[in-house]
Amino acid sequence: MPIRDFSTPAFASGGVRLALARRDDVNRNQYMLVLATGYGMAETRKGATLNCTTSSSAANAPALSPAGHPLIWFDANWDREPGDSTFPEGGLLNSLLAAEPPVVRLTGRGRTAADKLKGGERVAQEVEILLDEDELAHVCCYCGEPELVDGERWKLCNDTASQPAYCCPTDNRQSEGI
């Protein structure tokens, strides 16, 4: 199944191709926004972590919706940067809600969380990621690079369904497993 890429008006008026991915081996419970294609001016293809306060503990693995999609508490690190005006009113969440084709939806649930950066409390919204595991851009568990939408799909290199790990074809350790 191909990577599902999308665009949103918040990024270059919809002219940038984006994808969602699980983070690399640092924390497979977290999801991130990545560039779906190579852009020469970009220093990295990795973007925002969507649920940055979710730990790597197995107890914090995302629950699944009735449709089998991950449910995360949306707490993007880009939205927490002081003075960041990269996104329109409502931040990255509203930008992703405007994506075509749709990639996330609000569940209607929220929870209060401490805001260590700004002090006080904030509300984190629960979001369903509307993608199956095979539609995510995979991130190499060794080098940390995300797949390209037009490139070869990377191979699964473990048997852990809740935290799958993938290996890029250029990494010679892929045959060893994790």
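The values are calculated or read from the model by the stated rules, or taken from the named source; none is laboratory data. Note that the coordinates shown come from a computational prediction; the quantities given were computed from them, not determined experimentally. For neighbour counting, all protein chains shown are included, and Cβ atoms are generated from backbone atoms with ideal geometry for every residue, glycine included. Ligands, DNA and RNA are excluded from the accessible area calculation, which covers all protein heavy atoms including side chains. Shrake-Rupley method; radii C 1.70, N 1.55, O 1.52, S 1.80 Å.
Can you find even one residue in the range 146-157 that is closer than 25 Å to PRO66 by Cα and either of a type outside the set (D, E, K, R) or modelled with pLDDT of 85 or more (or both)? Yes, because at least one residue in the range 146-157 is closer than 25 Å to PRO66 by Cα and either of a type outside the set (D, E, K, R) or modelled with pLDDT of 85 or more (or both). Look through the range 1-35, keep the residues that are basic (Lys, Arg) and at pLDDT below 85, and return whichever of them is least open to solvent (accessible area, probe 1.4 Å). By that ranking, first place goes to ARG28.
Of everything in the range 54-83 that's among the small types (Gly, Ala, Ser), over 22 Å from ASP134 (Cβ atoms) and in a loop (DSSP other than H, G, I, E, B), which residue is modelled with the lowest pLDDT? Among those that are among the small types (Gly, Ala, Ser), over 22 Å from ASP134 (Cβ atoms) and in a loop (DSSP other than H, G, I, E, B), it is GLY83. When VAL123 is tested against the conditions (1) at pLDDT below 90; (2) of a type outside the set (Gly, Ala, Ser); (3) open to solvent by less than 50 Å² (accessible area, probe 1.4 Å), the lone failure is (3).
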